[in-house]
1. So, Ala68, is that one in contact with a Leu (Cβ under 9 Å, 6 or more places away or on another chain) and open to solvent by less than 40 Å² (accessible area, probe 1.4 Å) or not?
2. Please go through segment 89-101 and give me each residue that is open to solvent by 70 Å² or more (accessible area, probe 1.4 Å) and either in contact (Cβ under 8 Å) with a residue 40 or more places away in the chain or closer than 16 Å to Val45 by Cβ (or both), ordered by number.
3. Picking from Arg86, Arg7, which residue would you name as being over 17 Å from Ser110 (Cβ atoms), in contact (Cβ under 8 Å) with a residue 12 or more places away in the chain and of a type in the set (Lys, Arg)?
4. Out of all the residues in segment 52-70, is one or more within 14 Å of Leu18 (Cα to Cα), assigned to a helix (DSSP H, G or I), free of Cβ contacts under 8 Å to residues at least 60 places away in the same chain and over 17 Å from the mean Cα position of the chain (by Cα)?
Amino acid sequence: MIDANLRTRIGALLPSLLAVDVTLAALALAAPGLWFAIFHGTDYVDPQGFLRRCGANWAVFALLQAIALGRWERDRAWLLIVAGARLSDVFTDWTYLYFAHDITWFGRASLALT
(Lines give C-alpha, C1' and ligand atoms only; values in the text may rest on other atoms or scores of the structure.)
Protein backbone atom coordinates (compact mmCIF):
# COMPACT_ATOMS: atom_id res chain seq x y z
CA MET A 1 0.00 0.00 0.00
CA ILE A 2 1.25 3.49 -0.85
CA ASP A 3 0.91 6.15 1.82
CA ALA A 4 -0.91 9.40 1.08
CA ASN A 5 2.27 11.50 0.88
CA LEU A 6 3.85 9.25 -1.75
CA ARG A 7 0.56 9.02 -3.65
CA THR A 8 0.43 12.84 -3.76
CA ARG A 9 4.03 13.09 -4.97
CA ILE A 10 3.49 10.51 -7.71
CA GLY A 11 0.26 12.26 -8.64
CA ALA A 12 2.20 15.49 -9.12
CA LEU A 13 5.28 13.97 -10.78
CA LEU A 14 3.57 12.04 -13.57
CA PRO A 15 1.66 15.05 -15.00
CA SER A 16 4.83 17.15 -14.74
CA LEU A 17 6.87 14.60 -16.69
CA LEU A 18 4.04 14.30 -19.19
CA ALA A 19 4.04 18.08 -19.71
CA VAL A 20 7.81 18.16 -20.22
CA ASP A 21 7.77 15.39 -22.81
CA VAL A 22 4.74 16.75 -24.67
CA THR A 23 6.52 20.12 -24.86
CA LEU A 24 9.81 18.60 -26.04
CA ALA A 25 8.07 16.43 -28.62
CA ALA A 26 5.95 19.31 -29.92
CA LEU A 27 8.95 21.61 -30.25
CA ALA A 28 11.14 18.97 -31.89
CA LEU A 29 8.48 17.81 -34.34
CA ALA A 30 6.62 21.04 -35.13
CA ALA A 31 9.12 23.82 -34.39
CA PRO A 32 12.66 22.43 -34.63
CA GLY A 33 14.09 25.90 -35.29
CA LEU A 34 12.71 27.12 -31.98
CA TRP A 35 14.06 24.02 -30.22
CA PHE A 36 17.55 24.70 -31.61
CA ALA A 37 17.33 28.36 -30.59
CA ILE A 38 16.32 27.45 -27.02
CA PHE A 39 18.83 24.63 -26.50
CA HIS A 40 21.71 25.67 -28.75
CA GLY A 41 21.30 29.35 -29.61
CA THR A 42 21.95 28.49 -33.25
CA ASP A 43 20.03 28.10 -36.48
CA TYR A 44 18.34 24.77 -37.11
CA VAL A 45 20.69 22.56 -39.12
CA ASP A 46 19.75 18.89 -39.02
CA PRO A 47 19.89 17.39 -42.52
CA GLN A 48 19.36 13.84 -41.26
CA GLY A 49 16.36 14.76 -39.10
CA PHE A 50 17.89 13.50 -35.86
CA LEU A 51 16.03 16.04 -33.72
CA ARG A 52 12.72 14.85 -35.11
CA ARG A 53 13.75 11.29 -34.28
CA CYS A 54 14.29 12.46 -30.69
CA GLY A 55 10.89 14.16 -30.83
CA ALA A 56 9.29 10.82 -31.68
CA ASN A 57 11.04 9.27 -28.65
CA TRP A 58 9.71 12.03 -26.39
CA ALA A 59 6.24 11.44 -27.82
CA VAL A 60 6.51 7.77 -26.80
CA PHE A 61 7.64 8.82 -23.30
CA ALA A 62 4.61 11.10 -23.12
CA LEU A 63 2.32 8.27 -24.22
CA LEU A 64 3.74 5.90 -21.59
CA GLN A 65 3.38 8.57 -18.90
CA ALA A 66 -0.20 9.32 -19.95
CA ILE A 67 -1.07 5.64 -19.67
CA ALA A 68 0.74 5.40 -16.33
CA LEU A 69 -1.14 8.43 -15.04
CA GLY A 70 -4.42 6.59 -15.51
CA ARG A 71 -3.28 3.13 -14.44
CA TRP A 72 -0.49 3.32 -11.88
CA GLU A 73 -2.73 2.97 -8.83
CA ARG A 74 -4.26 -0.28 -10.17
CA ASP A 75 -1.04 -1.60 -11.71
CA ARG A 76 2.18 -0.24 -10.21
CA ALA A 77 4.21 -1.83 -13.00
CA TRP A 78 3.46 1.35 -14.94
CA LEU A 79 5.70 3.26 -12.54
CA LEU A 80 8.55 0.89 -13.43
CA ILE A 81 7.87 1.34 -17.14
CA VAL A 82 8.03 5.13 -16.81
CA ALA A 83 11.15 4.92 -14.62
CA GLY A 84 12.88 2.69 -17.17
CA ALA A 85 12.02 4.99 -20.05
CA ARG A 86 13.21 8.06 -18.14
CA LEU A 87 16.43 6.33 -17.05
CA SER A 88 17.24 5.37 -20.63
CA ASP A 89 17.20 9.07 -21.54
CA VAL A 90 19.57 10.18 -18.77
CA PHE A 91 22.65 8.67 -20.37
CA THR A 92 21.79 9.95 -23.84
CA ASP A 93 21.27 13.47 -22.46
CA TRP A 94 24.57 13.46 -20.58
CA THR A 95 26.38 12.18 -23.67
CA TYR A 96 24.70 14.86 -25.79
CA LEU A 97 25.67 17.52 -23.26
CA TYR A 98 29.30 16.40 -23.36
CA PHE A 99 29.55 16.45 -27.16
CA ALA A 100 27.30 19.41 -28.07
CA HIS A 101 29.32 22.16 -29.71
CA ASP A 102 26.92 25.03 -29.03
CA ILE A 103 24.66 24.96 -25.98
CA THR A 104 22.70 27.63 -24.14
CA TRP A 105 22.60 27.90 -20.34
CA PHE A 106 19.05 26.52 -20.50
CA GLY A 107 20.13 23.59 -22.65
CA ARG A 108 23.05 22.84 -20.33
CA ALA A 109 20.86 22.98 -17.21
CA SER A 110 18.07 20.92 -18.79
CA LEU A 111 20.35 18.18 -20.04
CA ALA A 112 22.39 18.04 -16.82
CA LEU A 113 19.32 17.77 -14.58
CA THR A 114 17.60 15.04 -16.54
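1. Details: in contact with a Leu (Cβ under 9 Å, 6 or more places away or on another chain): yes; open to solvent by less than 40 Å² (accessible area, probe 1.4 Å): yes.
Yes.
2. Keep residues of segment 89-101 that are open to solvent by 70 Å² or more (accessible area, probe 1.4 Å), which gives 91-92, 94-96, 98-99, 101.
Within segment 89-101, Tyr96, Phe99, His101 meet the criteria.
3. On the way: Arg86 fails: over 17 Å from Ser110 (Cβ atoms).
Answer to the selection: Arg7.
4. Checking segment 52-70: at least one residue is within 14 Å of Leu18 (Cα to Cα), assigned to a helix (DSSP H, G or I), free of Cβ contacts under 8 Å to residues at least 60 places away in the same chain and over 17 Å from the mean Cα position of the chain (by Cα).
Okay, residues lined up against (1) hydroxyl-bearing (Ser, Thr, Tyr); (2) loosely packed, with under 13 Cβ neighbours inside 10 Å:
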| site | (1), (2) |
| --- | --- |
| Thr8 | yes, yes |
| Ala19 | no, yes |
| Tyr44 | yes, no |
| Trp72 | no, no |
| Trp78 | no, no |
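The values are calculated or read from the model by the stated rules, or taken from the named source; none is laboratory data. Values in this document were obtained by computation on a predicted structure and should not be read as measured data. Positions of Cβ are generated from backbone atoms using ideal geometry, with glycine treated the same way; all protein chains shown enter the neighbour counts. Only protein heavy atoms, including side chains, enter the accessible area calculation; ligands, DNA and RNA are left aside. Shrake-Rupley method; radii C 1.70, N 1.55, O 1.52, S 1.80 Å.
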